[in-house]
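Enquirer: This structure is in structure tokens; I'll ask about it shortly.
No value in this document is a laboratory result; all are computed from the given coordinates. All figures in this text were calculated on a predicted structure; none of them were measured in a lab.
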Amino acid sequence: MTSDSAMRTFLDGRVTVIVGDITKQDVEAIVNAANSSLLGGGGVDGAIHRAGGPAILEECREIRRTRFPQGLPTGEAVVTTGGNLQALYVIHTVGPIYGEHRGEEAELLANCYHNSLTLAVEKNVTSVAFPSIATGVYGYPRAEAADISSRTIENFLSTDRQLKEVRLVFFQAQDAEIFLENQKFSE
Ligand code: ADP
């Protein structure tokens, strides 16, 4: 259980915005802002591996070995167990490093959200929590990321009937405020 409560909801309650720790969310899947190595890093990636335990890293190594020996490309997503987390699954996606993709950052960030939601549906979950992909060390401006993530999620949910909750988890209240000021949800 989590004591965080929704600051705001959108799309008839299918999208919730909260301030909290992604590793503590009582949802069926959480998304990890991974790096292409899939072997762990700092920020939210480190927090998820610390809280979830070694089973997640073990599966990531296997995914690297069997499917992505060169690393997971930016914008793509893969799924592992949730290990010791409450979540059953961790969906690992690699955000764009802002300024390093020749103007394709927005499309790549949208791909992160779209591909993660597609995997969540494939895994039959009804609830998924996202951190704010790429807005930490990858430097994506929070206002622009809010625009892209909200549009992509709304577009996905407009044709999906399975997902009951997409939870957007911000580590700090100020980050959630920037999201709320810049999101483009239609309601
Ligand atoms: P990236 O490399 O994709 O930028 P980071 O982990 O550096 O990933 O940051 C992504 C976002 O996750 C940032 O907005 C950061 O504030 C947030 N964050 C860091 N730790 C947590 C956590 N435990 N729960 C939720 N969000 C977190």
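Enquirer: Classify the stretch 11-182 from the C-alpha gyration tensor, please: rounded if a/c falls under 1.5, else prolate or oblate depending on whether a/b exceeds b/c.
Expert: Taking the square roots of the gyration eigenvalues as a ≥ b ≥ c, the stretch 11-182 is rounded.
Enquirer: Can you work out ³J(HN,Hα) from phi for every residue in the stretch 81-90, in order, using Karplus 6.51 cos²θ - 1.76 cosθ + 1.60 and θ = phi - 60°, giving whole Hz and x for Gly and Pro?
Expert: 4, x, x, 7, 6, 5, 5, 6, 9, 10
Enquirer: Using amide H atoms built 1.01 Å from N in the peptide plane, name the residues 5+ places from T81, or on other chains, whose amide H lies under 5 Å from its own.
Expert: V90
Enquirer: Follow-up question, since we're still on this one. At a Cα cut-off below 26 Å, give the lysines reachable from K184, other chains included and same-chain residues fewer than 8 away excluded.
Expert: Counting by Cα, and skipping residues close in sequence, K184 has these lysines nearby: K164.
Enquirer: Divide by every residue of the chain the summed helix terms, -39500 (n - 2.57) for each DSSP H run of at least 4, and state the resulting mean residue ellipticity at 222 nm, rounded to the nearest 500 deg cm²/dmol.
Expert: Working: 5 runs with 67 residues, N = 187.
Result for the chain: -11500 deg cm²/dmol, rounded to the nearest 500.
Enquirer: Assuming a ≥ b ≥ c are the square roots of the Cα gyration tensor eigenvalues, decide whether the stretch 1-97 counts as rounded (a/c under 1.5), prolate (otherwise, with a/b larger than b/c) or oblate.
Expert: Taking the square roots of the gyration eigenvalues as a ≥ b ≥ c, the stretch 1-97 is prolate.
Enquirer: So, one more: Read phi for every residue in the stretch 55-65 and hand back ³J(HN,Hα) as whole Hz from Karplus 6.51 cos²θ - 1.76 cosθ + 1.60, θ = phi - 60°, with x for Gly and Pro.
Expert: 4, 5, 5, 4, 5, 4, 4, 5, 5, 4, 5
Enquirer: Could you go through the stretch 139-147 in sequence order and give the Karplus-derived ³J(HN,Hα) for each residue, using 6.51 cos²θ - 1.76 cosθ + 1.60 with θ = phi - 60°, rounded to whole Hz, and x for Gly and Pro?
Expert: So the Karplus estimates, Gly and Pro as x, are x, 5, x, 4, 5, 5, 5, 5, 4 Hz.
Enquirer: Still on this structure, please answer the following. Given H placed 1.01 Å from N in the peptide plane, which residues other than close sequence neighbours of A87 have an amide H under 5 Å from its amide H?
Expert: For A87, whose amide H was placed from the backbone, the distant partners under 5 Å are V27.
Enquirer: Starting from the amide H of R167, placed 1.01 Å from N in the peptide plane, find each other amide H under 5 Å away whose residue is 5 or more places distant or on another chain.
Expert: Those qualifying (amide H under 5 Å, at least 5 residues apart or on another chain) are T16, V128, A129, F130.
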